[in-house]
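Note sheet for the following structure.
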Amino acid sequence: MAGTLTAGAIAAVEAGDLELRPVLQVVEVKPIQERYRIVVSDGTATGQALLATQLNGLAKYGRLRKGSVVQLMEYIVSTIQSRRIIVVLNLEILIMECQIVGNPKLAPQDISNSMPQKVLSSNNSGYPSPQSTNGASSSVLSGRNNQNSMVNGKNAPTFNPTAQPSYKPPPSYKNHGAIMKNEAPPRIIPISALNPYQGRWAIKARVTAKGDLRRYNNAKGDGKVFSFDLLDSDGGEIRATCFNAVVDRFYDVVEVGKVYTISKGSLKPAQKNFNHLNNQWEIFLDVTSIVELCPDEDSSIPTQQFNFRLISDVENVETNSIVDIIGIVVSVNPSVTILRKNGMETQRRILNLKDVSGRSVEVTLWGEFCNREGRELQELHDSGVFPVLTVKAGKVNDFSGKSVGTISATQLFINPNIHEAQNLRGWFDEGGKNVASLSISNDAIPGIPRNEIRKTVVQIKDEGLGRGDKPDWLTVKATISFIKTDNFCYTACPLMIGDRKCSKKVVKTGNGKWCCDRCNREIEECDYRYLLQAQVQDHTGVTWVTAFQEAGEEILGCTAKELYLVKHEAQDDIKFGEIIQYSLFEEYILKLKVKEELYGDEQKVKITVVKAEKVNPSLESRYLLDLISKISVSVG
């Protein structure tokens, strides 16, 4: 066999030698889903290997190919379906391509049958004996000194790999009988090298975020869960999650900002609906997992890692995307109480950020963020200070413009000691304070919303809008041709919940008062709110829409209570008819929410008018001219 390839390397590596750094030849490269499998040869035997994801580029772009001669610098060995698989973490390409060296034979499926009998000589450790391996190493070294060694009667190619010491079996840590169990601590590897195929691994990382302890109930019963995010010195990030009894072990141990070594967990695909980190895997800790605090601070591991986007870029990202932004706080609104759809109250506070891009954005703080960072920001702003705020993992929302809101994984940093914050502070103090900024959270021009999706009536049906998991938001220019007048409003609760009215339907009781089931109170006088059913049409078709209070007032020009009194109290049918007729056959710009809902046993698409404005000829002309110019550019 070739003197330039490491003799007996496949057998030694598969037996557990992780320090050999063998020189091998690639005899096959094959993509498997998002990974690459390679077959490597030592000139006589072959072994199966799997490239770590960070090495995919070598195979993808052809640098690593059939015939390449490589030296494995870092690797581990795992057993998968009774086969030994070499997981390559790092390698050096010595020769990009040459003829196949020796006459390599495919290794049998059973690893015990794939090694020479010499290598399997008993030393009661499960590793190759020193005598047989040293002999192999000696032949390798002698082969390196003879650059004209022959393989099958031909000159073999020569390389200069890193010098390798003779292989020595690993030390024994505890004697458990006839077979020695390897209890050496696992090697610390980068987070980017983690994959489900590894048997023993350890990472050293800093906790950058720790989630709240959450309780849940499902078909299996009650449970509890919490997660924390990890960052290592190479910039790799990953989330670790604990359930039930594991929560009791580690919840009080894990602290944000501290560095830990973590081992003995399982890796599963990350659930991207809840995990925003740039890693396809997530660690699930179990009762055998180890989380140990590193007593000495490791300055090589940063405290946080940001991927900042300019506010002007946020305007063009997809809704529900997770972003990091940094800006100067130019306004802070008071905290208000909001009633969620589930009936629970929470706090909301809105503030505005601006940056060097000439744009500003609304940031909505929810829950405890209002009372912690929100209160501090309010006090700073009231004292005349414009603090720098970093929002890590904010969620992009889109309703009449883009905004950023906090979620459970969000972190806020006020005046952080980072380079980007210092640059932003310098820009603001040297004149940026007086630079006008355009908000991406509000319509830039009335009647022409930013990022407007203009559709025709027939497109709503033809494109199947509203039939997805989330509602579709769009704008149409249409004429209102008919309004139902029999039930145009409903009796509503006027009581305030936080900063808005309850507005739920109330019913009249026997004592003449109105009862609200939501507020569980009786009131003397009810309110009236629109529930308009109208028919709208354009040049392509006709459809029915529903308009609630604000949109109804924009269409009819009066409140629901005023119209109710005209029809039912004054019983002035002429005036009532005039109000309705005045709104018909007028062109409107209608912002619509389209969503499929269940009515009885039938799924129907419901179209709700969110906003209605009469067409402004000047603005509509500008919109059409802009549309014409875009079409001309695309055609030209």
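The values are calculated or read from the model by the stated rules, or taken from the named source; none is laboratory data. These numbers were taken from a predicted model, which means no experiment stands behind them. Ideal geometry is used to build each Cβ from the backbone, glycine not excepted, and the neighbour counts take in all protein chains shown. Protein only, heavy atoms only, side chains kept; ligands, DNA and RNA dropped before computing areas. Shrake-Rupley method; radii C 1.70, N 1.55, O 1.52, S 1.80 Å.
When the residues of the stretch 73-93 are filtered to those that are in contact with a strand residue (DSSP E or B) (Cβ under 7 Å, 6 or more places away or on another chain) and open to solvent by 50 Å² or more (accessible area, probe 1.4 Å), the one that is modelled with the lowest pLDDT is Arg83.
Being open to solvent by less than 10 Å² (accessible area, probe 1.4 Å) and part of a loop (DSSP other than H, G, I, E, B) is the filter here; which residues of the stretch 242-261 pass it? Once the filter is applied, which keeps residues that are open to solvent by less than 10 Å² (accessible area, probe 1.4 Å) and part of a loop (DSSP other than H, G, I, E, B), the stretch 242-261 yields only Val254. The requirement of being more than 22 Å from Asp296 (Cβ to Cβ) and open to solvent by 60 Å² or more (accessible area, probe 1.4 Å) is not satisfied by Asp234. Checking each residue in the stretch 539-555 for being open to solvent by 30 Å² or more (accessible area, probe 1.4 Å) and not in a strand (DSSP E or B) picks out His539, Thr540, Phe548, Glu550, Glu553, Glu554. Take the residues in the stretch 293-315 that are of a type outside the set (Gly, Ala, Ser) and free of Cβ contacts under 8 Å to residues at least 40 places away in the same chain, then tell me which one is least open to solvent (accessible area, probe 1.4 Å). Out of the qualifying residues, it is Arg309. Looking at the stretch 210-233, can you tell me whether even one residue there is at negative phi, aromatic (Phe, Trp, Tyr), in a loop (DSSP other than H, G, I, E, B) and more than 20 Å from the chain's Cα centre (by Cα)? No, the stretch 210-233 contains no residue that is at negative phi, aromatic (Phe, Trp, Tyr), in a loop (DSSP other than H, G, I, E, B) and more than 20 Å from the chain's Cα centre (by Cα). When you look at Ile580, is it more than 18 Å from Val476 (Cα to Cα), outside any strand (DSSP E or B) and either of a type in the set (Lys, Arg) or modelled with pLDDT under 90 (or both), yes or no? Taking the combined requirement at face value, the residue does not satisfy it. Among the residues of the stretch 59-72, those identified as open to solvent by less than 30 Å² (accessible area, probe 1.4 Å) and free of Cβ contacts under 8 Å to residues at least 60 places away in the same chain are Ala59, Gly62, Leu64, Gly67, Ser68, Val70, Leu72.
Just one residue in the set Asn320, Asn244 is at pLDDT 90 or above, at positive phi and of a type outside the set (D, E, K, R); that residue is Asn244.
Of the residues making up the stretch 500-518, just one is under 40 Å from the mean Cα position of the chain (by Cα), surrounded by 15 or more Cβ atoms within 10 Å (Cβ to Cβ) and over 21 Å from Ala551 (Cα atoms), namely Arg518.
Scanning the stretch 493-533 for residues that are without any contact (Cβ under 8 Å) to a residue 40 or more places away in the chain and among the β-branched types (Val, Ile, Thr) yields Val506, Val507, Thr509, Ile523. Checked against (1) modelled with pLDDT under 90; (2) in contact with a Ser or Thr (Cβ under 9 Å, 6 or more places away or on another chain), Ser503 meets all criteria but (2).
In the set Gly43, Gly47, Gly16, only one residue is open to solvent by less than 10 Å² (accessible area, probe 1.4 Å), more than 18 Å from Ala193 (Cα to Cα) and not in a strand (DSSP E or B); that residue is Gly43. The single condition from (1) closer than 16 Å to Pro104 by Cβ; (2) at pLDDT 85 or above; (3) open to solvent by 20 Å² or more (accessible area, probe 1.4 Å) that Thr6 fails is (3). Would you point out the residue of the stretch 556-577, among those that are acidic (Asp, Glu) and loosely packed, with under 12 Cβ neighbours inside 10 Å, that is farthest from Cys489 (Cα to Cα)? Restricting to residues being acidic (Asp, Glu) and loosely packed, with under 12 Cβ neighbours inside 10 Å, the top hit is Asp573. Per the conditions (1) at pLDDT 90 or above; (2) within 39 Å of the chain's Cα centre (by Cα); (3) closer than 20 Å to Glu554 by Cβ, the sole criterion not satisfied by Gln459 is (3). Is it the case that some residue within the stretch 462-485 is touching a strand residue (DSSP E or B) at 6+ places or on another chain (Cβ under 9 Å), surrounded by 14 or more Cβ atoms within 10 Å (Cβ to Cβ) and within 16 Å of Gln549 (Cβ to Cβ)? Yes: one or more hits. Looking across the stretch 584-603, the residues that are in a strand (DSSP E or B) and more than 32 Å from the chain's Cα centre (by Cα) come down to Glu587, Tyr588, Ile589, Leu590, Tyr599, Glu602.
Mind checking which residues of the stretch 271-292 are open to solvent by less than 20 Å² (accessible area, probe 1.4 Å) and either charged (D, E, K, R) or over 15 Å from Pro186 (Cα atoms) (or both)? Asn275, Leu277, Glu282, Ile283, Leu285, listed by residue number. Taking every residue in the stretch 372-388 that is within 23 Å of Glu420 (Cα to Cα) and part of a helix (DSSP H, G or I) and pairing it with any residue that is open to solvent by less than 50 Å² (accessible area, probe 1.4 Å) and at pLDDT below 90, at least 6 positions away or on another chain, the pairs with Cβ-Cβ distances below 9 Å are Gly374/Ser335; Gln378/Ser335.
Restricting the first member to the stretch 586-597 and to residues that are under 15 Å from Arg454 (Cα atoms) and basic (Lys, Arg), and the second to residues that are outside any loop (DSSP other than H, G, I, E, B) and open to solvent by less than 50 Å² (accessible area, probe 1.4 Å), the beta-carbon pairs closer than 7 Å and six or more apart or on different chains are Lys591/Thr475; Lys591/Val610; Lys593/Thr608; Lys593/Val610.
Scanning the stretch 397-440 for residues that are farther than 14 Å from Thr364 by Cα, open to solvent by 60 Å² or more (accessible area, probe 1.4 Å) and assigned to a loop (DSSP other than H, G, I, E, B) gives Asn415, Asn417, Glu430, Val435, Ala436. Within the set Arg239, Arg206, the sole residue that is of a type in the set (Lys, Arg), closer than 24 Å to Leu389 by Cα and either touching a residue at least 24 places away in the same chain (Cβ under 8 Å) or surrounded by 14 or more Cβ atoms within 10 Å (Cβ to Cβ) (or both) turns out to be Arg206.
With the condition kept exactly as written, say whether any residue in the stretch 620-636 is open to solvent by 80 Å² or more (accessible area, probe 1.4 Å), in a strand (DSSP E or B), out of contact with any Asp or Glu (no Cβ under 7 Å at 6 or more places or on another chain) and within 26 Å of Gly464 (Cα to Cα). No; the residues of the stretch 620-636 include none that is open to solvent by 80 Å² or more (accessible area, probe 1.4 Å), in a strand (DSSP E or B), out of contact with any Asp or Glu (no Cβ under 7 Å at 6 or more places or on another chain) and within 26 Å of Gly464 (Cα to Cα).
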